[in-house]
2 protein chains.
Amino acid sequence: MLKPLPLSEVYCLLEPGPVVLLTTAHRGRANVMTLSWHLMMEFSPPLVGCLVSGANHSFAALRKTRECVIAIPPAALAPQVVQVGNASGRDLDKFEAFGLTPRPAKKVAAPLVAECFADLECRVVDTRFVPKYNFFVLEVVQAWIDPRRRAAKTLHHRGHGTFVVDGETLRLKSGMP
Amino acid sequence: MLKPLPLSEVYCLLEPGPVVLLTTAHRGRANVMTLSWHLMMEFSPPLVGCLVSGANHSFAALRKTRECVIAIPPAALAPQVVQVGNASGRDLDKFEAFGLTPRPAKKVAAPLVAECFADLECRVVDTRFVPKYNFFVLEVVQAWIDPRRRAAKTLHHRGHGTFVVDGETLRLKSGMP
């Protein structure tokens with residue numbers, strides 16, 4: 001069961017640099033892609049920058065609808081994450097093909113992903129760097145987390161299909177947010 | 001002993017989202033800060049986007065000199081990484097205070113960090129998003145790695161001084177670069 005996550009805590013999910021899924025909905029069709037090139041840009045309201053290549057089928061949907069969902073997969077979802085990254089929504093319903101379940105979001109048309117433990121509903125707020133870099137600035141307008149899976153381990157992509165899974169946690173006294 | 005790393009492999013170091021150190025040199029003084037808000041923007045030549053807040057002492061040095069080094073600390077350096085993140089170069093020589101060793105870089109004035117296992121010499125190539133977001137686009141012009149420490153585990157920041165260390169590695173058949 002998903003619960004709302006305060007928007008001021010969104011950075012705790014993305015700052016560690018996990019592989020995420022990005023969903024869009026365009027002309028009645030949902031699509032999903034794998035994304036590692038993202039960063040936090042502001043705590044609150046949370047801004048996220050991401051690189052979505054023009055070669056991705058999701059690019060046109062993101063630019064036209066100006067909405068997406070960033071869904072965070074647990075490490076156990078690695079096989080589907082790779083399948084999503086290797087296929088194109090041009091030819092395929094990737095949700096159906098790879099056993100992922102779209103769920104209605106609250107504020108955007110793009111779907112949540114039931115197999116993920118957290119979902120961030122986003123609106124595109126700045127496209128000035130899209131022509132040169134395919135770089136979108138997103139504002140997270142609604143965030144969800146499954147409280148039972150809050151400590152889920154995530155994936156980090158090292159290139160060429162090599163992923164590192166979260167290991168040990170360190171708690172150090174920090175003045176950093 | 002550092003060896004040059006091909007620039008086309010830089011993304012393998014940053015795409016997983018590690019906490020990094022960013023060094024600058026300005027008016028004869030070197031400084032170092034902790035950074036987690038970064039992303040890859042292009043494979044080759046490698047472009048990196050990063051958020052350096054105007055509240056950081058490094059901000060003025062980065063904007064004026066248009067050069068920096070991104071150094072990647074191994075997990076064992078966590079205590080110093082946190083100390084660097086909690087202090088300001090306005091008041092302190094953080095290299096000396098926290099036992100970090102600056103080494104001359106090849107193409108930029110900002111120093112490498114001897115305790116890190118990889119260093120990326122960078123030039124600022126786009127500042128158009130600095131006024132609004134403090135977002136700099138960097139090009140990596142020279143990369144170094146210590147081959148004996150190539151498999152070093154890195155840190156990922158989850159907020160509030162909580163870090164996750166790299167764990168298990170998964171190798172999956174991927175068409176992704």
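The set of residues in region A:1-52 that are assigned to a loop (DSSP other than H, G, I, E, B), facing chain B (nearest Cβ under 8 Å) and among the polar types (S, T, N, Q) contains only A:S36.
Condition first: hydroxyl-bearing (S, T, Y) and farther than 22 Å from A:R66 by Cβ. Can you find one or more residues in region A:134-154 that meet it?
Filtering region A:134-154 for residues hydroxyl-bearing (S, T, Y) gives A:154.
Pick out the ones that are also farther than 22 Å from A:R66 by Cβ and you get A:154.
Checking region A:134-154: at least one residue is hydroxyl-bearing (S, T, Y) and farther than 22 Å from A:R66 by Cβ.
Selection of first residues in region A:150-177 that are at the interface with chain B (Cβ under 7 Å from one of its Cβ atoms) and of second residues that are open to solvent by 30 Å² or more (accessible area, probe 1.4 Å) and acidic (D, E), restricted to Cβ pairs under 8 Å at least 6 apart or on distinct chains, gives the following pairs, ordered by first then second residue: A:G159/B:E9; A:V164/B:E168; A:V165/B:E168; A:G167/B:E168.
Going through region A:45-79 one residue at a time, which ones are open to solvent by less than 30 Å² (accessible area, probe 1.4 Å), under 13 Å from A:T24 (Cβ atoms) and in contact (Cβ under 8 Å) with a residue 60 or more places away in the chain?
Step one: filter region A:45-79 for residues open to solvent by less than 30 Å² (accessible area, probe 1.4 Å), giving A:46-52, A:58-59, A:61-62, A:68-75, A:77-78.
Those still in the list that are under 13 Å from A:T24 (Cβ atoms) too: A:50, A:52, A:58-59, A:61-62, A:68-71.
Across region A:45-79, the qualifying residues are A:C50, A:V52, A:F59, A:L62, A:C68, A:I70.
Can you tell me which residue within region B:66-79, out of those that are touching a Lys or Arg at 6+ places or on another chain (Cβ under 9 Å) and farther than 19 Å from B:P46 by Cβ, is farthest from the other protein chains (Cβ to nearest Cβ)? Even if it seems obvious, please write down each step before you answer.
Narrowing region B:66-79 to residues touching a Lys or Arg at 6+ places or on another chain (Cβ under 9 Å): B:66-68, B:74-76.
Okay, now just the ones that are also farther than 19 Å from B:P46 by Cβ, so B:74-76.
Working: B:P74: 13, B:A75: 8, B:A76: 11 Å.
For region B:66-79, the residue satisfying everything is B:P74.
In region B:80-89, the condition of being open to solvent by 40 Å² or more (accessible area, probe 1.4 Å), over 15 Å from the mean Cα position of the chain (by Cα), away from chain A (no Cβ under 11 Å) and free of Cβ contacts under 8 Å to residues at least 12 places away in the same chain is met by no residue.
A:F117 meets the conditions (1) open to solvent by less than 10 Å² (accessible area, probe 1.4 Å); (2) in contact (Cβ under 8 Å) with a residue 60 or more places away in the chain in every case but one. The failed one is (2). Is at least one residue of region B:99-114 surrounded by 17 or more Cβ atoms within 10 Å (Cβ to Cβ) and without any contact (Cβ under 8 Å) to a residue 40 or more places away in the chain? Yes, that holds for at least one residue.
The values are calculated or read from the model by the stated rules, or taken from the named source; none is laboratory data. Nothing here was measured: the structure is a model prediction, and the numbers come from that model. Positions of Cβ are backbone-derived with ideal geometry, glycine not excepted, and every protein chain shown enters the neighbour counts. SASA here: full protein model, heavy atoms, side chains in, ligands and nucleic acids out. Shrake-Rupley method; radii C 1.70, N 1.55, O 1.52, S 1.80 Å.
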